[in-house]
1. One residue is enough: does the range 148-168 have a residue meeting the conditions in contact with a Lys or Arg (Cβ under 8 Å, 6 or more places away or on another chain), at pLDDT below 95 and closer than 23 Å to residue 54 by Cβ?
2. Which numbered condition in (1) surrounded by fewer than 23 Cβ atoms within 10 Å (Cβ to Cβ); (2) more than 19 Å from residue 273 (Cβ to Cβ) is the only one that residue 120 fails?
3. With the checklist (1) in contact (Cβ under 8 Å) with a residue 60 or more places away in the chain; (2) loosely packed, with under 12 Cβ neighbours inside 10 Å; (3) of a type in the set (Ser, Thr, Tyr) in hand, flag the one item residue 235 doesn't pass.
4. Here is a check on your reading of the model: is residue 69 at pLDDT below 90 and at positive phi?
5. For the range 261-319, how many residues are surrounded by 14 or more Cβ atoms within 10 Å (Cβ to Cβ), acidic (Asp, Glu) and within 24 Å of the chain's Cα centre (by Cα)?
6. Out of 185, 159, 151, report the one residue that is small (Gly, Ala, Ser), away from ligand 3 (no atom under 16 Å from the Cβ) and in contact (Cβ under 8 Å) with a residue 40 or more places away in the chain.
7. Could you tell me whether the range 293-315 includes any residue that is aromatic (Phe, Trp, Tyr) and either within 29 Å of residue 205 (Cβ to Cβ) or touching a Leu at 6+ places or on another chain (Cβ under 6 Å) (or both)?
8. Of the residues that sit in the range 1-43 and are part of a helix (DSSP H, G or I) and out of contact with any helix residue (DSSP H, G or I) (no Cβ under 8 Å at 6 or more places or on another chain), which one is farthest from ligand 3 (Cβ to nearest atom)?
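The values are calculated or read from the model by the stated rules, or taken from the named source; none is laboratory data. The structure presented is a predicted model; accordingly, all values stated were derived computationally and were not measured. Cβ placement follows ideal geometry from the backbone for every residue including glycine, while neighbour counts extend to all protein chains displayed.
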Amino acid sequence: MLEYKKENCINCGLCEKVCPFGAIEIKEGFPAINDNCTECGICAQKCPVNAFHMEQDKIRNQRTEEYRGFWVIGLEKEGEPLNKVTLELLSTARKLADEKKEKVTLLIKGFGECENWKREAQRTGCDKILLIPCEHPGYDAKLYTDAIECAVRCFKPEAVLFPATVNGRDLAPRVSGRIGTGLTADCTGLSLDENGDLLQVRPTYGGSVMASILTPEHRPQMASVRPNVMEIHWTDEEREIETAYLEDFLPTAEDRVTLIECLEKNNVFADLTEANIVIAGGYGLKNKENFGRLFRLCDKLNAAAAATRKAVDEGWAPAEIQVGQTGTTIAPDLYIAFGVSGALQHTLGMKNAKKIIAVNHDPAAPIFDICDVAILGDAGEVLEECCKILEHKEA
Ligand SMILES: Cc1cc2nc3c(=O)[nH]c(=O)nc-3n(C[C@H](O)[C@H](O)[C@H](O)COP(=O)(O)OP(=O)(O)OC[C@H]3O[C@@H](n4cnc5c(N)ncnc54)[C@H](O)[C@@H]3O)c2cc1C
Ligand code: SF4
Ligand code: SF4
């Protein structure tokens with residue numbers, strides 16, 4: 001039950017603006033609630049002085065049947081194409097939604113027509129793009145959290161899928177905390193159980209067990225999914241796609257974070273999950289100098305650099321480029337490995353590469369079992385030779 005304490009009210013009028021259902025009118029300075037109220041709880045969340053109050057349990061335990069449709073959260077900047085992981089999530093959401101005859105929505109921040117997003121999303125079978133109307137150029141955790149919370153309370157989707165990228169991993173728990181629902185992080189599989197609930201599968205205990213997790217009593221069901229673990233499915237079906245704005249969303253004035261500047265990352269350390277060519281170094285590269293060479297080779301070939309955990313632990317490469325079970329999962333067109341053994345925990349993160357070239361001095365190295373081209377030799381020497389050939393070509 002929504003409670004209103006007039007004695008707390010400072011007559012700021014914010015509640016009238018944030019109510020998505022037009023249920024509040026300010027009359028003689030004070031809010032009056034009409035029959036449109038759905039008890040979504042947004043005014044109670046936004047009122048700066050707690051003049052509106054609603055029991056959290058009341059907000060949480062809304063009936064699950066009211067929630068419909070599958071949502072994907074896109075974190076792209078306007079003008080950029082949709083990320084591979086967004087397309088993977090849209091394809092997965094389409095498959096799940098088809099089983100329940102429901103709709104797929106992409107929630108993304110943007111202004112304008114967003115024709116490129118529309119075309120790409122449509123090809124995965126997406127039904128609707130819901131735009132967060134904000135001109136802020138980059139990722140802003142508070143803005144996204146506020147907007148997604150507002151959208152979820154208004155439209156009540158039954159499942160929300162986030163990319164398990166750096167920003168997605170920051171955002172998903174904020175939203176689930178606000179809404180008061182569960183979140184399964186880093187899922188590797190999603191399906192529906194016999195009741196139509198989302199079965200969220202993720203590795204646990206260092207990958208030795210696959211846990212299946214359900215959120216039967218709270219909605220929406222929320223999961224984040226690693227890039228490159230789901231497949232993209234394009235559809236030829238002529239499906240209408242609707243574009244709409246999250247009209248009632250107003251970014252609130254007090255922002256605790258101010259964006260001062262955006263610096264582009266060097267290509268070598270750019271987003272590994274989106275790279276077409278990845279060159280990785282392992283413990284067999286022996287030292288930091290060889291890693292310096294590997295980074296220069298990446299720069300010349302417009303490739304992204306990667307490393308094994310052992311190389312990261314040695315301090316030869318930054319942790320953000322670790323590939324594998326506890327690092328990033330990738331699926332590039334070409335993966336070149338210098339001095340990488342091919343331990344299971346590493347190959348879990350790169351086995352979906354289309355072509356694998358491995359350099360190792362041990363003919364029995366496990367990486368040779370999964371590669372397309374095996375080069376038997378000293379990794380440092382082969383790397384140096386590759387750099388020389390490229391320098392010679394450039395001269
Ligand atoms: C819970 C858990 C999670 C883990 N997560 C990850 C993860 O996310 N990513 C990851 O990478 N690892 C992970 N590991 C570690 C993993 O098990 C391996 O130890 C690691 O991948 C090995 O790295 P490496 O291949 O560089 O080193 P090594 O296993 O030491 O292999 C080095 C290879 O280089 C070859 N070599 C040596 N000298 C030369 C030379 N001069 N020229 C050519 N070849 C040479 C050797 O023959 C060998 O094959 C994890 C482990 C655990 C327990
Ligand atoms: S937001 Fe709160 S303080 Fe402001 S008018 Fe509404 S009830 Fe009053
Ligand atoms: S609970 Fe929701 S619908 Fe009801 S007045 Fe508040 S914001 Fe509007």
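1. yes
2. The one condition residue 120 does not meet is (2).
3. (2)
4. no
5. 2
6. 159
7. no
8. Once the filter is applied, the top-ranked residue is 7.
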